[in-house]
Structure formats: C-alpha cells, structure tokens
Amino acid sequence: LDRSSAASDVYKEDPELVASAKREADAISVSIDEDTVAWALEQADAIEQGRWDQVDRAAVADELRDIAKAFEFKLYERLVDSARLLARGQSPALESVYHSLEESPSLKERLPDLIKEATRDAERIEKG
C-alpha cells in the first residue's frame with residue numbers, strides 16, 4: 001500500500017511522467033486498415049489536441065485528397081444526370097449542380113472538362 005501511494009505521489013510531482021502517461025493513454029489505437037471511421041476520429045482528436053507525433057500525415061493527406069475527388073465526382077454525376085435529361089428533351093433541375101459549385105467553388109475551374117466528360121458519358125449511357 002505504501003508503494004502505490006508513493007508511486008501516485010511521484011506522478012503528482014513529476015509533470016514529465018504525467019505528460020508521458022497522458023500521451024500513452026491518448027495514443028492512436030487503431031489503423032486505417034482496421035477501422036477507417038475509428039482511425040479518422042482518433043486522427044481528428046490527435047490533430048485538435050496538437051499530438052502531431054501521432055498523426056499519420058501520409059494517410060490523412062490521402063484521405064483529404066479522396067474527399068476532394070468525391071466532391072468532384074458528385075458534381076460529375078449531377079452533370080451526367082442533367083445531360084441525360086437534356087438528351088431526352090427534358091429540362092434538368094440544375095439546383096444540385098449549383099449547390100455543388102457553391103459548396104466547392106474551386107470546382108468551377110474543372111467545370112468545362114467535367115461538362116465534356118459528363119456529356120460524352122451521358123450520350124454513351126443513353127445509346128445503351
């Protein structure tokens with residue numbers, strides 16, 4: 001009993017040991033391959049708390065690039081849907097396209113290329 005009391009006192013008196021114990025307790029416990037959601041939440045916590053040594057920078061960067069690609073693909077899909085409606089002589093509701101561009105204004109730079117790709121793919125889909 002005296003030992004545990006003494007050990008407890010050491011932690012109270014030694015801020016470096018306290019910080020080290022906290023870092024171990026906060027350590028990343030799951031990899032991106034094991035559980036993407038848990039990994040992402042742990043990475044977000046590590047970033048918010050400034051535990052930069054625990055951030056998997058390469059994987060976080062890859063995930064951020066994937067998010068950007070997903071936004072671009074969502075716009076592309078909306079453009080394909082709109083082009084298919086136009087090919088059928090129907091009027092597309094372009095609110096979703098406008099919403100994508102409001103959500104990610106940098107996609108406006110890619111819009112001409114995306115429209116070409118979407119139109120080409122919509123024609124191919126419509127031809128069957």
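Using a 1.4 angstrom probe on the protein heavy atoms only, could you order 119, 36 from most to least accessible area? Working shown, then result.
Values: 119 50, 36 75 Å².
From most accessible down to least: 36, 119.
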Evaluate the distance, in nm, between pseudo-label points positioned 7 Å from the Cα of residue 125 and of residue 104 along their respective Cα→Cβ axes. 1.7
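Counting Lys and Arg as +1 and Asp and Glu as -1, what is the net charge of the other residues whose Cβ lies under 11 Å from the Cβ of residue 104?
On the way: positive: 74, 108, 110; negative: 72, 102, 103, 109.
Here the count lands on -1.
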How many angstrom lie between the C-alpha centres of region 100-119 and region 64-85? 8
In nanometres, what is the gap between the two model label sites at residue 48 and residue 69, each 7 Å from Cα along Cα-to-Cβ? 2.8
Summing Lys, Arg as +1 and Asp, Glu as -1, what charge do residues with Cβ under 12 Å from the Cβ of residue 74 carry, residue 74 excluded? -2
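The values are calculated or read from the model by the stated rules, or taken from the named source; none is laboratory data. Worth saying up front: this structure is predicted, and the values here are computed from it rather than measured. We place every Cβ from the backbone using ideal geometry, glycine too, and count neighbours over all the protein chains shown. The accessibility values were calculated without ligands, DNA or RNA, using every heavy atom of the protein model including side chains. Shrake-Rupley method; radii C 1.70, N 1.55, O 1.52, S 1.80 Å.
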